[in-house]
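**Student:** Please find one structure pasted underneath; my questions will follow.
The values are calculated or read from the model by the stated rules, or taken from the named source; none is laboratory data. Because the structure is predicted, anything quoted here is derived from the model rather than measured. Here the Cβ positions follow ideal geometry from the backbone for every residue, glycine too, while neighbour counts run over all protein chains shown.
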Amino acid sequence: MEFSQLKQEVYLQFIFKIIIYKKLLEKSYKFLGEILKWYDTLDQPVVEDEQYQGIFKLCDYASMFRTDTTGKYIIFCKKLSRNLLLLKDYYNDDFLKGCSNLYVWLYFEIKKNSIPNNITENIFKELTKFLESKRSKLPCPYFNFNEKHHEPINLIKLRIFNDNVDTFQNMFKGIVKSDDCSVKRYVYKCIEIYRAMNSNYCSSSVEKTQETQNSCDIISRFNNLYKFYIFNKQGITHNFPELSSDISLNDIDGCPVEETEPNPNPDKSQHDTPTRGGVSTALSAMLFRFGNKKHTIITSNFDKNMENEIFHDIKEDSNIKDIQPKYNIGYEPK
């Protein structure tokens with residue numbers, strides 16, 4: 001069997017197991033299930049519908065695509081056009097959250113298709129002009145997750161908390177039914193991320209750059225929302241830790257320890273998250289690994305060799321550097 005064929009078979013087996021993960025994730029986190037459904041909508045192939053013909057022509061005849069021999073830039077342009085139009089009837093907070101979700105989709109789409117930064121920015125500029133002039137609608141502002149952010153995957157995890165913090169609060173108050181321990185672990189993972197990233201990028205001793213500013217906007221917002229909605233809030237019985245404390249996050253009161261199988265290749269690491277299986281599949285895979293080395297949630301039968309082909313290994317001496325891609329979500333609703 002040729003190597004390429006073998007690799008494809010391994011990849012298909014991996015995707016099958018990630019689909020199982022996705023179902024488990026949706027069951028544990030109903031609000032994340034809704035997010036994943038929205039990403040599935042954004043990720044659907046483009047249908048040449050008459051209502052989109054005007055904006056699709058921009059993609060078909062754009063001079064910047066003349067060197068695109070594969071046609072992937074045009075497909076990307078049309079899908080982004082369609083998705084921007086899906087948000088045309090959204091307003092206020094719904095619009096801001098819709099844009100935020102769009103940017104996460106865009107992160108994976110750019111990664112999957114290796115779209116250059118200048119192409120992405122030019123597409124946004126042209127689509128913005130069209131929507132403003134023809135539809136009298138201001139679309140989501142341009143932001144490329146490929147630019148000027150630290151540790152994008154970890155920031156995405158914080159952003160999901162930020163965008164759904166009221167739902168988290170309702171879960172902990174019992175207003176919304178949930179798998180209580182799984183939700184607690186997600187929040188504890190976010191606290192781990194916050195502590196490390198706040199120290200690395202947001203302290204007074206750190207040089208201020210565009211990357212640190214963009215990252216610290218999201219980190220600071222997590223701080224504010226966590227304190228306002230979760231920490232020491234009436235009706236939440238669990239004693240969540242202070243963000244500034246050095247209390248260990250390894251053990252969560254009232255929750256069993258999640259056991260994992262040892263990693264047979266602890267020194268091997270990868271630098272990409274899976275994207276070819278679709279955005280919601282990649283996001284599911286990313287979110288499903290939110291524990292530290294003792295609490296990472298994976299099924300007992302997961303093939304570790306296959307996992308290492310796609311994922312970063314969790315480093316033995318690190319709590320949060322399990323995934324280190326090069327891109328990030330950058331749009332932060334005020």
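**Student:** Could you say whether any residue in the stretch 154-166 is part of a helix (DSSP H, G or I), in contact with a Pro (Cβ under 8 Å, 6 or more places away or on another chain) and either without any contact (Cβ under 8 Å) to a residue 60 or more places away in the chain or closer than 30 Å to Thr70 by Cβ (or both)?
**Tutor:** no
**Student:** Scan the stretch 92-144 for residues that are over 24 Å from Thr69 (Cα atoms), in contact (Cβ under 8 Å) with a residue 60 or more places away in the chain and part of a loop (DSSP other than H, G, I, E, B) and jot them down. Don't jump to the end; show me each part of the working.
**Tutor:** Here is the first cut: in the stretch 92-144, the ones over 24 Å from Thr69 (Cα atoms) are 92-105, 128-143.
Those still in the list that are in contact (Cβ under 8 Å) with a residue 60 or more places away in the chain too: 93, 96-97, 99-105, 130-131, 134, 140-141, 143.
Of everything in the stretch 92-144, those that are over 24 Å from Thr69 (Cα atoms), in contact (Cβ under 8 Å) with a residue 60 or more places away in the chain and part of a loop (DSSP other than H, G, I, E, B) turn out to be Cys140, Pro141, Phe143.
**Student:** I would also like to ask the following. Could you tell me whether Thr70 is polar (S, T, N, Q), assigned to a loop (DSSP other than H, G, I, E, B) and modelled with pLDDT of 85 or more?
**Tutor:** Details: polar (S, T, N, Q): yes; assigned to a loop (DSSP other than H, G, I, E, B): yes; modelled with pLDDT of 85 or more: yes.
Yes: the conditions hold for Thr70.
**Student:** Another one. Hey, does the stretch 173-184 have a residue that's touching a Gly at 6+ places or on another chain (Cβ under 9 Å) and crowded, with 23+ Cβ neighbours inside 10 Å?
**Tutor:** No, because not a single residue in the stretch 173-184 is touching a Gly at 6+ places or on another chain (Cβ under 9 Å) and crowded, with 23+ Cβ neighbours inside 10 Å.
**Student:** Looking at Glu242, Glu147, which one is surrounded by fewer than 20 Cβ atoms within 10 Å (Cβ to Cβ), among the acidic types (Asp, Glu) and under 30 Å from Lys111 (Cα atoms)? Lay out the reasoning, then the answer.
**Tutor:** Details: Glu242 fails: under 30 Å from Lys111 (Cα atoms).
Within the list Glu242, Glu147, the selection yields Glu147.
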